[in-house]
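Taking it in order: structure first as structure tokens, then the write-up.
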Amino acid sequence: MSTELSGIEALMEITARPDLVFVRGEGSWLEDHTGKRYLDFVQGWAVTSLGHCPAPLVEAITAQARQLINPSPAFYNQPSIDLAKRLVSASCFDRVFFANSGAEANEGAIKLARKWGRVRRAGAYKIITFENSFHGRTLATMSASGKPGWDTLFAPQVDGFPKARLNDLASVEALIDDQTVAIMLEPVQGEAGVLPASTGFLQALRELADLHGLLLIVDEVQTGMGRTGKMFAYQHAGITPDIMTLAKGIGGGVPLAALCAREEVSVFEHGDQGGTYNGNPLMTAAGIAVFDTINAPGFLDSVNERAQQLSEGLLRLVAKWGMKGERGQGLLRALLMDRSDGAAIVEAARNRSPEGMLLNAPRADVLRFMPALNVTADEIDLMLAWLDETISQVRG
């Protein structure tokens, strides 16, 4: 066992990991302890939105670390104020609460909706979520998720999350009763294999929520911060949600998340919500660097250009290999294969030599692509060429 791998037994076993240790990264590339480089089209599951160690993020963290790291959330700090103002100005929301992870932001959204139900809707508490959805790994967010098998994994579940079917309005209507307070969904179900909610469905959900006096919550942990070609995915449908959650790409690689709400929904009282690290200046300074980069003129135009390039390239592979198609929004895309060999392709891509490639298979017959938002045209072409080679290798 190499020096880098010695001691791994001290880590709790929670997932299968290959025998490599990443030691550095730059842009779309990672390097392991042997010096081997990998083209990264996972980017921490859409976390490192500007690639690995981008200069604006490194500079912001370095400068802030010299000035102030965490004065406690019992006090205001300037970076958190400045990032909150940016998020409010770019969205339909009025208030922001910063957290550390997507699960924590979603947990906050659930609490806020239930508090609103108690204050405004006679104690209503049920939140309609969706089959195959993914909202996090806390007990409440696992209960809210529709991932198969999670309903018994840590039973008993938290009550109050009936499941509808994505893009099926009737299935949502059938679940509404006098205890319903909200509808919660991902605009694109990432873990389910990149399944987008249609524009018409999102618009119909807004109308349905208004008709019944319910809140509409969008979980944009994976889709927010430019991932779909707009700053937030809900903007594609032209709707106004009541609550939105952000994480992953908002911090560009550091633990940062946000719970955003419209003013009339912001009913938390003092003591209802908090967190020791929440909104600390080090993380929110990083968030400002990420936001300003994504919000710069032309950045999202480039995201959409690269998204079209990736989509067209995947469609060429579909035609060549007789696969089922591709789908997604912006730079969150999936290749729908004709066989259940996704895991084998992921492994072969990682093991290729002299340089490897990191891919993700959320389902056995689906590959998911989440490159850095500033991925280059050449890097997309290279990934497509290597993927074609890898499919050929795996399928003989």
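The values are calculated or read from the model by the stated rules, or taken from the named source; none is laboratory data. Model, not experiment: these values are computed from the prediction. Please note: Cβ atoms are built from the backbone with ideal geometry, for glycine as well, and neighbour counts cover all protein chains shown.
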Segment 1-102: helices (runs of 4 or more DSSP H) wholly inside it with 1 or more residues that are modelled with pLDDT of 95 or more and not assigned by TED's automatic domain parsing to the domain that holds residue 376 are 55-67, 78-89
Against the definition (buried (at least 18 other Cβ atoms within 10 Å of the Cβ), of a type in the set (Gly, Ala, Ser) and not assigned by TED's automatic domain parsing to the domain that holds residue 374), how does residue 182 come out, yes or no? yes
Output for segment 177-232, where each listed residue is of a type in the set (Ser, Thr, Tyr) and in contact (Cβ under 8 Å) with a residue 40 or more places away in the chain: 180, 223, 228
Being polar (S, T, N, Q) and crowded, with 16+ Cβ neighbours inside 10 Å is the filter; apply it to segment 337-374 and report the residue that is nearest to the chain's Cα centre (by Cα). 360
Look through 342, 253, 274 and report the one residue that is out of contact with any helix residue (DSSP H, G or I) (no Cβ under 6 Å at 6 or more places or on another chain) and either among the aromatic types (Phe, Trp, Tyr) or within 30 Å of residue 120 (Cα to Cα) (or both). 274
Out of segment 329-340, which residues are under 24 Å from residue 44 (Cα atoms), in contact (Cβ under 8 Å) with a residue 40 or more places away in the chain and of a type outside the set (A, V, I, L, M, F, W, C)? 329, 330, 333
I need every pair where a residue in segment 56-69 that is touching a residue at least 40 places away in the same chain (Cβ under 8 Å) has its Cβ under 6 Å from the Cβ of a residue that is outside any helix (DSSP H, G or I), sequence separation at least 6 or different chains. 57/252
Give the residues of segment 128-168 that are among the hydrophobic types (A, V, I, L, M, F, W, C) and in contact with a strand residue (DSSP E or B) (Cβ under 9 Å, 6 or more places away or on another chain), sorted by residue number. 128, 130, 134, 144, 161, 164, 166
Unmet requirement for residue 286, which otherwise passes all of (1) crowded, with 21+ Cβ neighbours inside 10 Å; (2) without any contact (Cβ under 8 Å) to a residue 60 or more places away in the chain: (2)
Which of (1) part of a helix (DSSP H, G or I); (2) in contact with a His (Cβ under 7 Å, 6 or more places away or on another chain); (3) of a type outside the set (Gly, Ala, Ser) does residue 206 not meet, given it meets every other one? (2)
Within segment 319-333, count every residue that is crowded, with 17+ Cβ neighbours inside 10 Å and under 19 Å from residue 390 (Cβ atoms). 3
State yes or no: is residue 112 within 22 Å of the chain's Cα centre (by Cα), touching a residue at least 40 places away in the same chain (Cβ under 8 Å) and outside any strand (DSSP E or B)? yes
Boolean, residue 229 is of a type in the set (Gly, Ala, Ser), assigned to a helix (DSSP H, G or I) and under 28 Å from residue 53 (Cβ atoms): no
Of everything in segment 171-183, what is of a type in the set (Gly, Ala, Ser), under 27 Å from the mean Cα position of the chain (by Cα) and over 11 Å from residue 130 (Cα atoms)? Give them in sequence order. 182
Taking segment 338-393, which residues are part of a helix (DSSP H, G or I) and closer than 18 Å to residue 227 by Cα? 377, 379, 380
Tell me, yes or no, whether segment 93-101 has at least one residue that is within 25 Å of residue 148 (Cβ to Cβ), touching a residue at least 24 places away in the same chain (Cβ under 8 Å), touching a helix residue (DSSP H, G or I) at 6+ places or on another chain (Cβ under 7 Å) and surrounded by fewer than 20 Cβ atoms within 10 Å (Cβ to Cβ). no
Between 322, 342, which is at positive phi and either in contact with a Pro (Cβ under 8 Å, 6 or more places away or on another chain) or of a type in the set (Gly, Ala, Ser) (or both)? 322
Members of segment 249-272 that are assigned to a loop (DSSP other than H, G, I, E, B) and of a type in the set (A, V, I, L, M): 256, 267
Specify which of the listed residues (326, 312) is free of Cβ contacts under 8 Å to residues at least 24 places away in the same chain, of a type in the set (D, E, K, R), within 24 Å of residue 195 (Cα to Cα) and outside any helix (DSSP H, G or I). 326
